[in-house]
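Structure first, then comments.
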């Protein structure tokens, strides 16, 4: 976190005040900092501030107003940081069984200042790995080992589960031209590919910047150069508009990464790129995803 705090010296004070307000507002058992900050990979434009609060008890009606109050106070402290906070309010009892929905237990996720009520453990397997192995306790008990133990093939299983999201994302930027591109989402998807390949190959998790540089050393050439270009935009907090041919390069990266993800698992899919058809700048990925779905179905 040292590098991040040096780059954003106002961030430690924001987190300190957040902890003080949270502890005095709710019955808090532990506050854990995760995500890009603990990986020293934080970007004010492209990252979120990921905080997990473990509550002593279930949330009640009056607690929602308290959370509103907490969020509003943080907006006053630093509006920019407050808007990129992703805060998980998780009752401790929810950790006892993370696989099922609870009829009598409620928590909340706050992202972009909006609240979403949850009755099921909300974190993914990579989040569990990060919390257990690399997170930082800001307050209270060290409950990191109370979080689920990711399976040995956790990163692989998460990739298979996330594949449907990738299928939907492929219909938008960065994989298609659009009049109003979402560069923040484009950044996430592009850098997710080196992040994915590093996780699968090393059974470990590092930040997006480090995974980008790992990728260019592991796969030098056109794709490696492109990934580093994107990573440097993230590091400098600037838009991706400076990168030439970002759409076709993003498509190529997706095909490249999918083939190598399966190759890491001993499955050869070297013909994926041939299945993608492009007409008038619009790419048709239907045959690509059909092929991948067939492979995934055969693995189950």
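Annotation for the stretch 128-150: at least one member residue is part of a helix (DSSP H, G or I), in contact with a strand residue (DSSP E or B) (Cβ under 6 Å, 6 or more places away or on another chain) and touching a residue at least 40 places away in the same chain (Cβ under 8 Å).
Criterion applied to 279, 259 was being closer than 22 Å to residue 165 by Cα and free of Cβ contacts under 8 Å to residues at least 24 places away in the same chain, and the one residue passing it is 259.
Residues are listed down the side, and each one gets a yes or a no for (1) more than 20 Å from residue 38 (Cβ to Cβ); (2) in the same structural domain as residue 121 (by TED's automatic domain parsing); (3) touching a residue at least 12 places away in the same chain (Cβ under 8 Å):
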{"residue": "49", "(1), (2), (3)": "no, yes, yes"}
{"residue": "56", "(1), (2), (3)": "yes, yes, yes"}
{"residue": "60", "(1), (2), (3)": "yes, yes, no"}
{"residue": "81", "(1), (2), (3)": "no, yes, yes"}
{"residue": "85", "(1), (2), (3)": "no, yes, yes"}
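Residue-level check: of (1) at pLDDT 90 or above; (2) outside the structural domain of residue 201 (by TED's automatic domain parsing); (3) part of a helix (DSSP H, G or I), residue 158 misses just (2). Within the stretch 239-256, the set of residues being surrounded by fewer than 16 Cβ atoms within 10 Å (Cβ to Cβ), touching a residue at least 12 places away in the same chain (Cβ under 8 Å) and not in a helix (DSSP H, G or I) comprises just one member, 239.
The residues on offer are 209, 223, and the sole one that is in contact with a helix residue (DSSP H, G or I) (Cβ under 6 Å, 6 or more places away or on another chain), within 23 Å of residue 276 (Cα to Cα) and in the same structural domain as residue 237 (by TED's automatic domain parsing) is 223.
Restricting attention to the stretch 175-201 and to residues that are surrounded by fewer than 22 Cβ atoms within 10 Å (Cβ to Cβ) and more than 18 Å from the chain's Cα centre (by Cα), the residue that is farthest from residue 154 (Cα to Cα) turns out to be 179.
The values are calculated or read from the model by the stated rules, or taken from the named source; none is laboratory data. Since this is a predicted model, take the numbers as computed values, not measurements. For neighbour counting, all protein chains shown are included, and Cβ atoms are generated from backbone atoms with ideal geometry for every residue, glycine included.
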